[in-house]
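The values are calculated or read from the model by the stated rules, or taken from the named source; none is laboratory data. Source: prediction; values computed, not measured. As a convention, Cβ positions derive from the backbone with ideal geometry for all residues, glycine included, and neighbour counts pool all protein chains shown. Keep in mind that these areas ignore ligands, DNA and RNA; they rest on the heavy atoms of the full protein, side chains included. Shrake-Rupley method; radii C 1.70, N 1.55, O 1.52, S 1.80 Å.
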Amino acid sequence: MILLQSHSRFLLQTLLNRVQNLEKSVELDYHWVEFDDVRYHVQVSMKNPHILLLSVSLPTPPRETFFLGGLPFGAIEAIKSAYGVIVQILDPPRDGFNLTLKLNLSKLSPDEEYRHALLVKVASVREVVLGAPLRVILKYLASRTIAPDIDRLVALVHRPNESFFLLPQQAEKVTAVFPMRFKDSIDTVLATSFLQEFVESRRTAGLHNAPPCLWSHSPPLELKGATDDALSANAGFVTFGNITRLEFLFPFLVMLSILQTRLCVMNAVIFPRHVEGKKLDRTVWNLSTFHAYVNYHVKCSEGFMHTRMRRRVESLIQALNRAKPDQEKTKKAAHTRSFKRLSLKESRTNSNS
C-alpha cells in the first residue's frame, strides 16, 4: 500500500540544502514534473542567494471548474495563511506557470524544528493551492454550517482536464463523487475490479460503521446538471457519502494487498479522520489524490500479473529442458562406434593374413 506524501520530496530537499548553505552564493535553476502533471521551477541567483523563486504549474482545469486568476478560489488566502511573511506572491507569475512565490529564506525562524515544519509546508504548496476550495468547504463542515455563496455542485480539478465533485448542500454531510477515467483498456478492467471490491469491503466485520462508499457505471443523480465531458468515465463513478465531522475513513476504507494467486484483495483497515484541527489537511490531501491512489494500485496489480506470468514461463521452460534427452551421452555413444582408417599397406597385410 502507498500513502502519497503531501509534500514534494525533491522540493523539500532543495529547500533544506539551500537553508543549510545560505551563506554560499550559488545559482539554482531546477525544472521537474510530478504526478497529475504538476510542474515546478526553482530559481536562485548569485546576487541574492537568500531569495528563492518557486513557480508552480497546475493541471489544466476543465470547463466546469472555477479558477480565479489562474488559481482555484481561496488559494491566495490559503497561501497567506500558511506561509506568512516569508512568502510573497508575484503578480503576474512567470510565463507558463499559474503561481510564482518569492521566498525570503533569511526570515526563517532560528528554531530548527519550527523551520523544518515551515519548509515542509512550503514543499506542500500543491496541497495548499489545489486543496484550497475543499478546505474552505470542510472548515464550514467542521462547524456544522453550510458555506455561503457555494453552488449546489462544486467541481474541483485534480488531474489535467478532469475534475471531481462535491455536494456541500447539508450542514452535517458532504458528498464527494469521483468519475474514474483510464486511458489503457487493461487499466480500466483492473480499476473496475478494484473499485467493486472497494465497495464490497465495507461489509467486512469491523467496517459496518465506516462512511458509505458507492460505485456505479452510470453517474449518480447528484451530478445532474454537469456537462457530458465531466461525466465521461470508463471505470464508473465512486461516491463517498457522509464525510462528517466525526471521521473520514482513509485510505478510502481499505488498502490494497497483493496475496498469492489472486489479482487483488481488499483488506479493511480503518483510519479515522477528522476535519478539525491538523487532521483537516490530511483529509484534503486524501480526497485530492484519490485517483492517483487507485491508479498506483492498478499499476501494482498489473505489474504483479506480469511478474507471475514471467515466473510461470520460466518454470515451463525448465520443465521442457528436463524433458530433453541427454545430449552428452548421445555424443559419447557415437564416439564408441567410430572406425579407424587403415593405410594401404596395413589393408594388404590384413588381406594376406
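One residue stands out in the stretch 52-77 among those that are open to solvent by less than 60 Å² (accessible area, probe 1.4 Å), part of a loop (DSSP other than H, G, I, E, B) and not polar (S, T, N, Q): the one that is farthest from L231 (Cα to Cα), namely G74. Kindly indicate whether P49 is within 26 Å of I150 (Cα to Cα), modelled with pLDDT under 90 and either out of contact with any His (no Cβ under 8 Å at 6 or more places or on another chain) or assigned to a strand (DSSP E or B) (or both). No; evaluated as a whole, the condition is false for this residue. Kindly evaluate F178 against the criterion of being closer than 17 Å to L223 by Cβ, crowded, with 20+ Cβ neighbours inside 10 Å, out of contact with any His (no Cβ under 9 Å at 6 or more places or on another chain) and not aliphatic (A, V, I, L, M). It is false that F178 is closer than 17 Å to L223 by Cβ, crowded, with 20+ Cβ neighbours inside 10 Å, out of contact with any His (no Cβ under 9 Å at 6 or more places or on another chain) and not aliphatic (A, V, I, L, M).
In the stretch 275-317, the qualifying residues are those that are among the β-branched types (V, I, T) and closer than 19 Å to S124 by Cβ, and the one that is modelled with the lowest pLDDT is V275. Please find, among R18, R39, the residue that is in contact (Cβ under 8 Å) with a residue 24 or more places away in the chain, within 23 Å of Q88 (Cβ to Cβ), open to solvent by 20 Å² or more (accessible area, probe 1.4 Å) and in contact with a strand residue (DSSP E or B) (Cβ under 8 Å, 6 or more places away or on another chain). Just a single option satisfies the conditions, and that option is R39.
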